Each structure stands twice: as C-alpha cells, then as structure tokens.
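One structure is given here, and the rest of the page talks about it.
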Amino acid sequence: MSKILVGLKRVVDYNVRVRVKPDGTGVVTDGVKMSINPFDEIALEEALRIKEKGGATEIVVVSIGPADTQQQLRTGLAMGADRAILVQADAPVEPLAAAKIFLKLIEKESPQIVLLGKQGIDDDNNQTGQMLAALWDRPQATFASKVELDGGKAKVTREVDAGLETIEVDLPAVLTTDLRLNEPRYVKLPDIMKAKKKPLDTIAIASLGVDIAPQFKVTRYEPPAARSRGVMVKDVGELVAALKNKGLV
Amino acid sequence: MAKILIVAEHSGGKLNPSTAKCVACARTIEGAEIDIAVFATDGAAVAAEAAKIQGVKTVLKVDNAANAEPIAAVLAPQVAAVAANYTHVFGPSTTFGKDLMPRVAALLGVGQLSDIMAAEGAYKFRRPVYAGNAIITVEAPQDKKLVATVRTASFQAAPEGGNAGVEAANVSASLPSHTRFVERSAAATGRPDLQTAPRVVSGGRALGSADNFKIIFSLADKLGAAVGASRAAVDAGYAANDLQVGQTGKIIAPELYVAVGISGAIQHLTGIKDARTIVAINKDAEAPIFEVADIGLVGDLFTILPELEKALG
Ligand SMILES: Cc1cc2nc3c(=O)[nH]c(=O)nc-3n(C[C@H](O)[C@H](O)[C@H](O)COP(=O)(O)OP(=O)(O)OC[C@H]3O[C@@H](n4cnc5c(N)ncnc54)[C@H](O)[C@@H]3O)c2cc1C
Ligand SMILES: Nc1ncnc2c1ncn2[C@@H]1O[C@H](COP(=O)(O)O)[C@@H](O)[C@H]1O
C-alpha cells in the first residue's frame, strides 16, 4: 500500500491581473477567480501518472484553507485523486506552519511520496516542501522536471540555474514540481459527477495542535513602480538610432 | 547589532556573483557585521575570492568531502550549526538558495523571508508577491533568527577591494546519505551568463522552432548579449529550460533587454521589470509588452532581425 500525498493550494487564478487595494491593506480578492495553484495541478498529475503505472495505490489531496477550498479539492478528486482532506483555516498560514500541518498528516497517513508545487503563485514563497522535508528528516527533490521511481528510490531531474541536475533520493521523500514535469489533464464532466461521491474530510486546524501564529507581519501593500510606455519607432533605422542615442550600441 | 551570515554559492571552484549581491543587501543594514561561509570539499580558492568582497569581516571555510555537490539536505545541518552565532542568515534567491535556505530555516525552527528587494532596517524588508504585482513591507520578529533569500536582481554586486580574514571552521553535524548526486547537464554555450549579462536578447513562441530560434542566438552574439526565452519557447523545446525568464524562471536586471516575439504576459514581465531599457519587437501593436517597452517596433521578426543584424554591422 503506497500512498502519495499531494498539496493543493487555493490561489488567485494565474490569469487574473492582481491589484493592490487603494488603502494598502492587501490585494483585491473579492469576486476574483480562485483556482488550484498551477504547480499543484502538475503535482497531482504526476501522482496520478505514478498510480496509473502501478507505483502507488492511493492519492490523497490535501489543502489548508477556508471552507471554500472544497471547490479546489473537488476538482482534484475529479482529476482522479481518491480522497481529500481539508484542514480548515480561516486565516492564511505561513509556509513553516503549513509544513508542520503536513507533517501531522504524514504521521497519520504514512505516505511514500509527498508531492507539492515548487511555489504558490500568490506569495511566491517557494518554501513549504523544503521545510517539510527538514522537519520530517527526509530527502527533498525540488523543482522536478522528471521523476523515475525504482523500488524504494526516486531518480529526479531538477531544473536548476545551470541547466538540469539529477539526484537520487531514498523514499519516503518530498518532491516539488516545476513547470515542465507534465501537462495536467482536463477534467471531464462524468468525472466531476463521480468526484461528488469521493470522501472529503474536514479537520479543524486547531485540532492538530500546531503553532500557526504568524511570525512575519505585513505592514503595507503597494503597487510596483510603474514602467512608463516609451517610444514607438517606425523601422530598423530608427531603432538603431534610438539605441545609439541611449549609448546601448 | 545584526550579525549576518551569508552562504556562498559556488561551482567549479569559482564564487557565483550572487554572493556579492547578498553582501550588497546586507551592507544596506546599518552597522551589520557580515561573514561569509563557504561549504566545499576544499574551499580555499572560493574563500579567497569571497574575502575580497568589500564589507566582509570573516570568511568561514567549512571543508568536508560530503560537500562536493550542493545537496540541500547535506548542507542544511552544517549551515544551521554555523548559524548559531548569528542574528541573520542570508542566501541568494537562485535555485541553489531557494532549495537550501528553507531547509535551514526549518532546522532552526523559524520561518523564512523570500526575495528581499530592499532592507529598511535589520528586521524590516520589502519583497514582491503575486508575480511582482504587489510589493509588501514585512516586519520580522527581533527575538528570532532571520533566515532570508536575497533577490539578486535588486542589488548591484558589492565591489572587490576587501581583505577579510579566512578561517577554517569545524562543524559537527550528522549528515544524511539519503540523497545522492547523479549528474548535471549544463549546456556549455560560451555565451554570457543570463543572470549577470548587461545585455539580453530573448525569444518567444513566435520563433516557431528550435531552428528558427538560432536567429536569436545570432543577434545576441552580435550584441555580445546573453540569450533568454519565454516559458512558451522553453515548453515548446525551442530553448533550454535554464534560459526561461520570468516569475518562475530567472529574474534579471540587464542594461538592455530585447524581447522578440514575446507577448508580455505578467509572469514574463516580472522577470524583466528592473531592466534599464526594454526593446520590444512584435507584429501585434496591441501586445502588452509595448506597455512596458522603452523602444517598441511593430513588425515581423523574421524580416526585422536580419535587417537589424546588418544595421549593427
Ligand atoms: C504558473 C505559471 C508560471 C509561469 N511562469 C512564466 C515565466 O517564468 N516566464 C514566462 O515567460 N512565462 C511564464 N508563464 C507563461 C505566461 O503566462 C505566458 O504563457 C508566456 O510568457 C507566453 O510566452 P510568449 O510571449 O512567448 O508566447 P505568446 O503569448 O504566444 O506570444 C507570442 C507573441 O509573438 C508575436 N508574434 C507572432 N509571430 C510573430 C512574428 N512573426 N514577428 C513578431 N512577433 C510575432 C505575437 O503577436 C505574440 O505577441 C507562466 C505561466 C504560469 C501559469
Ligand atoms: N495552504 C496550503 N494548502 C495546500 N498546500 C499548500 C499550502 N501552502 C503551501 N502548500 C504547498 O506547498 C507548495 C509551495 O508553497 P509555498 O512555499 O507557499 O510557495 C504549494 O505549491 C503547495 O503544494
């Protein structure tokens, strides 16, 4: 019985142009489309492919978030996950707290692999998987673009600044996904119907006994410094002249 | 007073410029004492380079056969041990630092601040969120160690001219064997490095094939520029993954950025908004890239690029 735990974070959809509230207290999220973090969709797709190849028997999707996060978990179930766990939290948790919560679930579920995204596209933190691996005292293979399982080991190709790096890790381990690991499948209507019957358990965050008090205090949100629209040139001659003018060629 | 430890990034016996950028960030914190730690099998050459960075007090050399490759699970316990004497631990926001620093933070039982773009004090920083669509000011608790990564595109490397002492440090930490390095494949291009080059030419989906993408390399060579690519171009296999510029690729700040056949999606723009001059070449006059371009030219890249190369002589 080998199990894969997949993290699904609910985030503002990647197509939304996020705006800062005029009073600087946050970004506008009212009425904004929410989705599964794109890297987590890739994580779930990879888990499904591993299961389809006989490398796992059960896929459990996990999210820490408000009650509405059930929508994203249902989508995960429709993609093919077997079961979902919602750790209900009314305020966002920092990556260290998220890692501690995942560790609690690991103690209950004993997975062989935990698959997370490399980063949430909301806070762009890129931390949770690495922190979880440290707390669990297990290997991490971050920014994965290829995963090959071989018995109790995984060979993982990682996207690093210099190119591609391959490491071998003993399982259980935490893997985090990069964009080119796979292309997630589309959800079909019958799968959405079937997903309604799959188990989705909700756990109150307080019942896990994890310290979730935030360590960092965000005191202000600002829009980024705007770049102003420059000049349009008519042809290559004008382009070269403009570059010369700026001393760039 | 802040005592800041910076974890050196290096490969092939050479210090990565990201280290001097971390030093530059640390130097903006008033009165900070800055040390660098080099984890290697034999870090003498790297430590000597690090000692020359202005503003550094001491370079700690931690030699261990296990440090032949930068494996986060192996390095983290050593960094955490050395961190005992410091108030802050910084690493670069490169794939090396992003992989390692959160693991260090968790071992120390603290959170991490990612991608510092400015320090407004020893415990107050600014950083981007939502692909750079918002900049937040964050306060960290003063009674905890602060582990952070530094957004390298936000800082000019601290100059050479320093003369720090180099000390060998003994670190006792039990190191795991559950993670093993297999191989690294880096395209040896002989071209300038994307993350540090003053000029970059990038190509997008419009190039249409790996073969067509060669005209991007050709223009880059003419300009002495590094080559970049949009995610669409990388996904389609026109360019290598390490050339991706953007939210989830490399964040760069060259003097000149030339975007060819790239629409200008927010995820791409995040990677280039600190560029001094952005030039956009796109056949669609409505492409969002023109909203941020300093110089824009509407037209077909396949006619413009050959002309441009000729005009540049
Ligand atoms: C989680 C996530 C992370 C992402 N991270 C990144 C990232 O780090 N970096 C990144 O780049 N993207 C990223 N993306 C993808 C991003 O949203 C866009 O899809 C991508 O940047 C588009 O690439 P493109 O501009 O090359 O392609 P397109 O958007 O298809 O644009 C092609 C452009 O070429 C022009 N064109 C076509 N033919 C010609 C011609 N002959 N001459 C001149 N112009 C021509 C067109 O007018 C068009 O504007 C991410 C997306 C997600 C969901
Ligand atoms: N609240 C959450 N719920 C579910 N998964 C999460 C949550 N926070 C983080 N994760 C997982 O950790 C990854 C990295 O997140 P981050 O460290 O916040 O960038 C995400 O892609 C998710 O897989």
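Here, each number is a calculation from the coordinates, and none is a lab measurement. Since this is a predicted model, take the numbers as computed values, not measurements. Cβ placement follows ideal geometry from the backbone for every residue including glycine, while neighbour counts extend to all protein chains displayed.
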Compute log10 of I(q)/I(0) for segment B:240-313 with the Debye formula, placing one identical point scatterer on every Cα and leaving out solvent, at q = 0.19, 0.20, 0.21 Å⁻¹, to two decimals.
-0.79, -0.86, -0.93
Segment B:36-184: proportion of alpha-carbon pairs further apart than 25 angstrom, %
31
Expressed in angstrom and rounded, the centroid-to-centroid distance over alpha carbons for segment A:98-114 and segment B:240-294 is 39
Quick check: from the Cα gyration tensor, does segment B:92-154 come out rounded (a/c under 1.5), prolate or oblate?
oblate
Residues with amide H under 5 Å of A:LYS146's amide H, sequence separation 5 or more or different chain, H placed in the peptide plane at 1.01 Å from N; which?
A:THR157
Residue of A:VAL231, A:VAL93, A:VAL18 that the Gaussian network model of chain A assigns the largest fluctuation, springs spanning Cα pairs under 10 Å
A:VAL231
Rg followed by Dmax, in Å, when segment A:65-104 is reduced to its Cα trace
11.2, 29
The orientation-averaged projected area of the Cα convex hull of segment B:174-266, in nm², is 8.0
Relative exposure of B:HIS178, B:HIS268, B:HIS10, judged by other C-beta atoms within 10 Å (fewest first)
B:HIS178, B:HIS10, B:HIS268
quick shape note, segment A:82-164: Cα extents on principal axes in Å, largest first -> 39, 30, 26
Mind checking the angle between helix B:301-311 and chain B's longest principal axis? C-alpha axes, 0 to 90 degrees, to the nearest 10.
80
Helix B:214-223 versus the longest principal axis of chain B: what angle, 0 to 90°, nearest 10, using Cα atoms?
70
Taking every eigenvalue of the Cα gyration tensor of segment A:190-249, multiplying by 5 and rooting it, what semi-axes result, largest first, whole Å?
56, 26, 10
Output needed for chain A: three equivalent-ellipsoid semi-axes, defined as square roots of 5 times the C-alpha gyration tensor eigenvalues, in descending order, whole Å.
36, 24, 19
Relative counts (whole %) of C-alpha pair distances in segment A:25-171, using bins that are 10 Å wide:
10, 40, 38, 11, 1
For chain B, treating each Cα as an identical point scatterer without solvent, what Debye log10 I(q)/I(0) comes out at q = 0.11, 0.12 1/Å?
-0.72, -0.83
Could you pull the Rg and Dmax for segment A:5-53, using just the Cα atoms, both in Å?
14.9, 51
How big is segment B:1-73 on each of its three principal axes, counting only the C-alpha atoms and giving the largest first in Å?
36, 23, 17
Given a cut-off of 30 Å, name the pairs among B:LYS124/B:LYS273; A:LYS3/A:LYS217; A:LYS33/B:LYS273; A:LYS21/B:LYS124; A:LYS33/A:LYS155 whose C-alpha atoms lie farther apart than that in the structure shown.
A:LYS3/A:LYS217; A:LYS33/A:LYS155
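Where Rh denotes the Kirkwood radius from the mean inverse Cα pair distance, what is Rg over Rh for segment A:24-106?
Ratio value, two decimals: 1.01.
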When the Debye formula is applied to the Cα atoms of the protein assembly as shown, each taken as the same point scatterer, what base-10 log of I(q)/I(0) results at q = 0.06, 0.11, 0.12 Å⁻¹?
-0.29, -1.03, -1.22
